[in-house]
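Reading through the structure tokens given below for one structure.
Computed from the coordinates by the stated procedures, all read-outs in this text should not be read as laboratory data. The shown structure was predicted, so the numbers you read here are calculated from the model rather than taken from an experiment. Virtual Cβ from ideal backbone geometry, glycine too; neighbours counted across all protein chains shown.
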Amino acid sequence: MISFASDGVAPTFDHPLEMLHACHGKIKRQLETLQKLASHLPARGCDQQAQQAAQGILRYFDTSGQFHHQDEEENLFPTLLAITAPDNAPIKALIERLLDQHVVMFAAWDDARAVLVKIAEGVNTPLPEALVKKLVDNYTSHIQLEETELLPQAARLLNPQQIVQLGKCMAERRGVKFSPAAAG
């Protein structure tokens, strides 16, 4: 069984499920920065620190965050759905639920993104608490579901060739050359 506990070593494309798990930690850190930014703005306004925080959040969610969702929607989910196993019905239901959550999360991100763009440009704009809460709550519950159900089931169901293919697709998406480690 694959352990998704962090041991301080960054996972590689040879371990794509661990990479997806590690991305959750990065998303959580960005959400924490977003919450700090929301608290910072009323006290300090749209200063350089606020602009840099907004720029960092935008950069992450517009690149790595998008890659993460593409990894799931274009590669992991279809691979899991293609598996013909007697217990595949729960996976189908789980993936449908996760895809529905993606729609809600993307809408929440679009709303937050519009405000963050202004802040990143130096426009003194409030970052509504309700907007931040909606994004944070949606991502937090989604990550919890993926970590407790999706990733453990994927680790159980995917064979070594599917794992290699997933890692290859993830690397290609990021423009990284992929050379899988020899199976041990």
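Which value, in debye to the nearest 20, describes the size of the charge dipole of the stretch 62-184 about its Cα centre when Lys and Arg Cβ atoms bear +1, Asp and Glu Cβ atoms bear -1, and nothing else is charged? Write out the running numbers ahead of the final one.
Numbers: 11 positive and 17 negative charges, 65 e Å.
So the magnitude is around 320 debye.
Could you run the Karplus curve 6.51 cos²θ - 1.76 cosθ + 1.60 with θ = phi - 60° over the stretch 38-53 and give me ³J(HN,Hα) per residue in whole Hz, x for Gly and Pro?
Values per residue, Gly and Pro as x: 4, 6, 6, 4, x, 7, 10, x, 8, 7, 4, 4, 5, 4, 5, 4 Hz.
Which lysines have a Cα less than 25 Å from the Cα of residue 36, not counting those fewer than 8 places away in the same chain?
Output for residue 36: 26, 28, 118, 133, 134.
Can you check how the C-alpha radius of gyration of the stretch 10-109 compares to 2.2 N^0.38 Å, as a plain ratio?
Values: Rg = 17.1 Å, N = 100, 2.2 N^0.38 = 12.7 Å.
My calculation over the Cα atoms of the stretch 10-109 gives 1.35.
State the extension gain, in nm to one decimal, for the chain segment bounded by residue 73 and residue 99, taking 0.36 nm per residue of separation less the distance between their alpha-carbons. Provide the component values of the computation, followed by the final result.
Working: separation 26, 0.36 × 26 = 9.36 nm, distance 0.78 nm.
The residue 73-residue 99 span can extend by a further 8.6 nm.
Taking only the Cα atoms of the stretch 16-173, how large is their convex hull per residue, in Å³?
On the way: hull volume 15.2 nm³, N = 158.
Once divided by residue count, the hull of the stretch 16-173 is 96 Å³.
Karplus couplings for the stretch 154-167 from phi (6.51 cos²θ - 1.76 cosθ + 1.60, θ = phi - 60°), rounded to Hz, Gly and Pro as x?
Here the 3J(HN,Hα) series is 4, 4, 6, 8, 6, 8, x, 5, 5, 5, 4, 4, 4, x Hz.
Mind giving me the FRET efficiency for residue 178 and residue 147? R0 is 30 Å, r the Cβ-Cβ distance, nearest 0.05 is fine.
Efficiency computed from Cβ-Cβ geometry: 0.75.
When the Karplus curve 6.51 cos²θ - 1.76 cosθ + 1.60 is applied with θ = phi - 60°, which whole-Hz ³J(HN,Hα) does each residue of the stretch 143-153 get, with x for Gly and Pro?
4, 4, 5, 5, 6, 8, 10, 5, 5, x, 5
Remind me, what semi-axes does the stretch 105-184 give for its equivalent ellipsoid, largest first in whole Å, using sqrt of 5 times each Cα gyration tensor eigenvalue? Intermediate results must be reported in sequence, preceding the final value.
Numbers: eigenvalues 266, 72, 12 Å².
After diagonalising the Cα gyration tensor, the semi-axes are 36, 19, 8 Å.
How high is the relative contact order of the chain, in percent, with contacts defined as C-alpha pairs under 8 Å that are six or more residues apart? Intermediate results must be reported in sequence, preceding the final value.
Numbers: 143 pairs, mean separation 66.4, N = 184.
The normalised contact order for the chain reaches 36 percent.
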